[in-house]
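The values are calculated or read from the model by the stated rules, or taken from the named source; none is laboratory data. Because the structure is a prediction, the values reported are computed rather than measured. Quick reminder, even Gly has a Cβ in these numbers, built from the backbone with ideal geometry, and neighbours come from all protein chains shown. Protein only, heavy atoms only, side chains kept; ligands, DNA and RNA dropped before computing areas. Shrake-Rupley method; radii C 1.70, N 1.55, O 1.52, S 1.80 Å.
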Amino acid sequence: MAKAPRPGTVKTRLAPSLSPETVTDFYCCLLDDTLTLARSLGDVEVAIMCPQSDVNELAQLAKAGASGSEVSVIAQKGEGLAAGLTSVFAHFAPDHQRKRHSRRIIAFNSDSPHLPCSVLEGAFETLAAHDLVVGPTHDGGYYLVGAKASHPTLFAGDGMGTSSALERLLSRARELDLSVGFADRFYDIDVADDLTRLAEELRLAPERAPRTAAWLNQVAGRFKSLPALKGHGF
């Protein structure tokens, strides 16, 4: 799930700490490293779901980035993240009338290069035994959701970006009588404290997200709250 990296449109909650242009540069690093993470899994098809207006720009970024071979970039139907998530499963879920092979589909954030690969692998395994898999965040939301079929009402009135997003998703899953398994609780990059936490993690293991680590090392001297990444090859 991604948006084109334009100033003032991505990671806006970081704006009090960083300029819009700096945030945009940061988002590009996150996106590139997240694509690399996704492609590190075996036997998966990687795609970006985004608003129609962002398709061409994201296709160029995906092609030019360090993440390897080209990925599909697909326009969602409708506006907002809830519409994007609905579009993911409508597009990729099996069409039972055409007897397509079973698929397990995972949708997750474009700013998650810090996720251990094992979390994504575990989510696919969990999904084999459940209708849904959800990765909760510490603030009441979720960074990952997976399903084996399309459930058009699952994300309706979703409350994305609020502390009740996860609660609302699980409530709708119960209404639809869907079994739910969980990935590890994790955090996404929304505010300055998240950025500081990410910088500390990548200081110890920059290979997890090398482009993001290099960017954080470059800007650390300008922001006292960010740990320096020097001494790790950047």
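Between Pro16, Pro7, which is touching a Ser or Thr at 6+ places or on another chain (Cβ under 8 Å) and in a loop (DSSP other than H, G, I, E, B)?
Numbers: Pro16 fails: touching a Ser or Thr at 6+ places or on another chain (Cβ under 8 Å).
Among Pro16, Pro7, only Pro7 is touching a Ser or Thr at 6+ places or on another chain (Cβ under 8 Å) and in a loop (DSSP other than H, G, I, E, B).
The rows are residues; the columns are (1) within 25 Å of Phe124 (Cβ to Cβ); (2) open to solvent by 30 Å² or more (accessible area, probe 1.4 Å); (3) out of contact with any Phe, Trp or Tyr (no Cβ under 8 Å at 6 or more places or on another chain); (4) not in a loop (DSSP other than H, G, I, E, B).
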site: Leu169; (1), (2), (3), (4): yes, no, no, yes
site: Arg174; (1), (2), (3), (4): yes, yes, yes, yes
site: Asp184; (1), (2), (3), (4): yes, yes, yes, no
site: Ala199; (1), (2), (3), (4): no, no, yes, yes
site: Arg203; (1), (2), (3), (4): no, yes, yes, yes
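Okay, residues lined up against (1) open to solvent by less than 50 Å² (accessible area, probe 1.4 Å); (2) at pLDDT below 95:
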| position | (1), (2) |
| --- | --- |
| Val71 | yes, yes |
| Leu81 | no, yes |
| Val88 | yes, no |
| Ala93 | yes, yes |
| Ile105 | yes, no |
| Asp111 | yes, yes |
| Pro116 | yes, yes |
| Ala123 | yes, no |
| Thr126 | yes, no |
Exercise for the section: Filter segment 128-152 down to residues that are more than 15 Å from the chain's Cα centre (by Cα) and under 19 Å from Ser87 (Cα atoms) and give me whichever is modelled with the lowest pLDDT. Expected result: Pro152
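Among the candidates Thr22, Thr34, which residue alone is among the β-branched types (Val, Ile, Thr), under 27 Å from Phe155 (Cβ atoms) and in contact (Cβ under 8 Å) with a residue 60 or more places away in the chain? It would help to see each step written out before you state the result.
Numbers: Thr22 fails: under 27 Å from Phe155 (Cβ atoms).
None of the others qualify; the one that does is Thr34.
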Practice task
Among the residues of segment 19-40, count how many are in contact with a helix residue (DSSP H, G or I) (Cβ under 8 Å, 6 or more places away or on another chain) and in a loop (DSSP other than H, G, I, E, B).
Solution key: 1
